[in-house]
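In what follows, a structure is listed as structure tokens, so that the remarks can point back to it.
What follows draws every value from the coordinates through simple rules; no lab data is involved. Quantities reported herein were computed from a predicted structural model and do not represent experimental measurements. For neighbour counting, all protein chains shown are included, and Cβ atoms are generated from backbone atoms with ideal geometry for every residue, glycine included.
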Amino acid sequence: HLPEPVRLKAIEIANALLADGMDEGRAIRIAIAKAKEWAQHHGIS
């Protein structure tokens, strides 16, 4: 489970990737990884 801010960021990233035509499964995996990186960079756990 992701903390709320990280989950919202992952959704934002996934939606952008999907809008660019990326496969849904891949978009979700990438979005979660990028959101975790974003959270770590911003001190969110």
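Assorted remarks:
- C-alpha long axis of helix 24-41 to longest principal axis of the chain, angle in °: 20 degrees
- Along each principal axis, Cα extent of the chain, largest first, Å: 31, 18, 12
- For residue 41 and residue 4, the difference between the fully extended length at 0.36 nm per residue and the C-alpha to C-alpha distance is 11.7 nm.
- Each Lys or Arg adds one and each Asp or Glu takes one away; over the other residues whose Cβ falls under 15 Å from the Cβ of residue 5, this sums to +1.
- Extension gain for residue 33-residue 16 works out to 4.7 nm (0.36 nm per residue, less the C-alpha to C-alpha distance).
- Relative contact order of the chain: 48 percent, from C-alpha pairs under 8 Å at least 6 residues apart in sequence.
- Rounded to the nearest 20, the size of the Cβ-charge dipole of the chain about its Cα centre is 140 debye, with Lys and Arg at +1 and Asp and Glu at -1.
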